[in-house]
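Report on the following structure.
The values are calculated or read from the model by the stated rules, or taken from the named source; none is laboratory data. For clarity, every value in this text was computed on a predicted model and none was experimentally measured. When we count neighbours, we look across all protein chains shown, and the Cβ atoms used for this are built from the backbone with ideal geometry, even at glycine.
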Amino acid sequence: MSMSPSADPQPSLDVLDRRQALSLGLAALGALLLSSCGDSDPSGSSANPAPGSDDGSAAPTPPPAEGPSEAFSTLTRVAADPTLAGVMAEATTSFGFDLYAATAAEPGNHLLSPVSVAIALAMTRAGAAGETAAEMDAVLRFDDLSMPHEAWNALDQQLESLAGPRQHLGEEVDVALSVVNRLWGQLGLEFEADFLDLLATQYGAGMHALDFDNKTEEARLTINEWVSGETNSKIPELLAPGGLSPDTALVLTNAIYFKAPWANQFSKDATTDRPFTRIDGSVVDVAMMQLGATLAYNEGDGWAAVILPYPGGDLALTVLVPDSGRFDEVEASLSAELFAAVDAGTRRPRVTLGMPRFSFRRQASLPAALSEMGMPTAFDEAAADFSGITTRANLFVKDVIHEAFIAVDEDGTEAAAATAVLGEATSAPDDVVELEIDRPFLIALREVSTGLPLFLGRVVDPSDGE
C-alpha cells in the first residue's frame with residue numbers, strides 16, 4: 001500500500017539545502033511476528049495459488065519451490081469509502097495516546113508511531129478469534145467499528161492523498177508520505193484464504209514465503225533489508241541477531257515514510273549554543289535554532305504550544321512545552337482532548353521561536369505495555385487464538401518490537417520508527433510571542449484535519465542522541 005508513486009519519494013538533501021528549508025522525514029515500520037507453539041503441518045496451500053505483488057495482485061507464474069517468493073492472494077486492493085476514515089483516525093488517536101502512556105515509564109527521550117503499531121496489530125487482528133480478538137478490539141478501539149479493516153483502508157487512502165508536489169513560496173516542493181505493508185510467511189505453511197484476501201484488499205499487503213525453520217538468519221536479513229529500504233536506511237536492523245527463531249511462522253510488517261520542508265524556514269546563521277535545563281535541574285548547552293514567523297500558538301494550564309506546519313497545511317508538528325517543574329504533570333495528561341484544546345484555542349501571533357536540534361533513536365519491546373492495555377491473551381502460548389490466520393499451527397504473538405529515530409536540524413528533520421510484533425509460529429499580527437524551548441518538551445506530528453498522530457514523542461535531553 002504505497003502512498004508515493006516514485007521509488008525515491010523524498011527530495012534530495014542538496015535540494016533542501018538550496019531551499020534553506022527545514023524538512024521533515026519520517027518513517028515508521030511495524031512488523032508482527034507470530035510463532036508456532038505446536039506441531040505445524042507445512043503442506044502446500046490451495047489458498048496461496050500464485051505469487052502476488054505488494055498490493056496483493058496476482059503474478060502470472062507460480063512461486064519457485066524454495067526461497068523467497070510472493071504469496072498468496074490473487075485479489076487486489078479495493079477502493080475505500082472515504083466516510084470511514086474519520087472513525088479510524090479517532091480510534092487510532094485514542095489508541096496512540098494509550099500506547100504512549102503505557103510506554104513512557106522508561107526515562108529519557110521517547111518516540112513512537114501509533115499509526116505503524118496500530119496497522120501491524122490491525123493486520124494481526126484480521127486473523128484473531130475468540131477472546132484474543134475481543135481483547136485486541138478493545139485495545140485498538142475497534143469495539144464500536146462495524147468495518148475496521150475497511151476503515152483502515154479509507155484512512156490509508158486519505159493519508160495517501162496528502163503526498164505529492166505543493167506550491168510553496170513560489171516554487172514546487174514535495175511532500176512525501178508512504179505507507180506500505182508486507183507479510184512474510186513460513187515456506188510451505190498453509191494460510192487461510194480469507195485472511196490473505198482481506199489483507200490484500202484492505203491493506204494492500206502481499207506475502208513473501210521465507211524459510212524461518214531452516215534459514216532463520218537469512219530470513220532475518222531479508223526482512224531487515226526491506227525495513228531499511230522502506231525507512232530510507234534509518235532503521236537498518238529492526239530484528240537483532242536471534243530476533244527470529246525456527247518456530248517463527250509469520251511476520252507482518254508496516255512502514256511509514258514522511259518527508260517535507262517546513263512551511264516556515266529556520267535560519268542556519270541564527271543558531272547559537274544556549275542552555276537547556278533537564279528534568280533533574282542539570283543544564284546542558286544545545287544548538288538552539290531560531291525562527292520568526294506567524295504561527296498557530298496557544299497557552300493553557302501549565303503549558304505553551306506552537307504548531308509548525310508543512311507546505312499545504314495538511315500536516316504539522318505540534319510542540320507542547322510544559323512550564324518549568326510541570327513536565328510530568330502535563331505528559332501524564334496527554335490525550336486527544338488535550339490536543340483538541342490546543343487546536344481550538346490557537347491564535348496567530350508573531351512567534352519568536354527557539355528550538356533545539358535533536359537526534360535520537362529508541363527501541364522498545366511492547367508485549368508488556370500491550371498486555372497492560374488489555375490484550376494479554378495474544379501473547380499467551382496456551383490461550384492465543386489466531387485460527388483465522390492458519391489452522392495448521394497454533395500461533396501466538398512472541399514479541400512486538402518498535403524502533404524509532406528522529407533528527408531535527410536547520411536543513412531538515414528525518415525520523416524513522418519501526419515496530420515488530422514477533423510471534424513464534426497572513427498580515428503582521430499585533431501581538432508577539434517569544435518562546436524559547438529551553439526545557440523538556442513534547443512533540444506530535446499530526447494530520448491536521450483529524451488530529452491523527454503519526455508520531456508522538458518527548459525530548460528531555462536534546463544532547464542525548466546520535
Name the one entry in 404, 332, 364, 393 that is at pLDDT 85 or above and either more than 20 Å from residue 131 (Cα to Cα) or aromatic (Phe, Trp, Tyr) (or both).
-> 332
Scan segment 207-232 and report the pairs whose first residue is under 18 Å from residue 250 (Cβ atoms) and whose second residue is assigned to a helix (DSSP H, G or I) and of a type in the set (Gly, Ala, Ser), with Cβ atoms within less than 7 Å and a gap of 6+ or a chain change.
-> 210/219; 211/219; 212/219
Could you identify the single residue in 328, 285 that is in contact with a Pro (Cβ under 9 Å, 6 or more places away or on another chain), in the same structural domain as residue 440 (by TED's automatic domain parsing), assigned to a strand (DSSP E or B) and not aliphatic (A, V, I, L, M)?
-> 285
Check segment 227-234 and report whether any residue there is in contact with a helix residue (DSSP H, G or I) (Cβ under 9 Å, 6 or more places away or on another chain) and either in a strand (DSSP E or B) or more than 16 Å from residue 34 (Cβ to Cβ) (or both).
-> yes
Just for segment 344-384: of the residues that are in a strand (DSSP E or B), among the charged types (D, E, K, R) and surrounded by fewer than 18 Cβ atoms within 10 Å (Cβ to Cβ), which one is farthest from the chain's Cα centre (by Cα)?
-> 350
Conditions (1) touching a Lys or Arg at 6+ places or on another chain (Cβ under 6 Å); (2) outside the structural domain of residue 169 (by TED's automatic domain parsing): number failed by residue 271 | (1)
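One residue is enough: does segment 302-325 have a residue meeting the conditions acidic (Asp, Glu) and in a helix (DSSP H, G or I)? Please lay out each step first, then the result.
Filtering segment 302-325 down to residues acidic (Asp, Glu) leaves 314, 323.
Among the residues that remain, those that are also in a helix (DSSP H, G or I) are: none.
No, segment 302-325 contains no residue that is acidic (Asp, Glu) and in a helix (DSSP H, G or I).
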Quick one: would you say residue 252 is part of a loop (DSSP other than H, G, I, E, B), in the same structural domain as residue 391 (by TED's automatic domain parsing), modelled with pLDDT under 90 and not basic (Lys, Arg)?
-> no
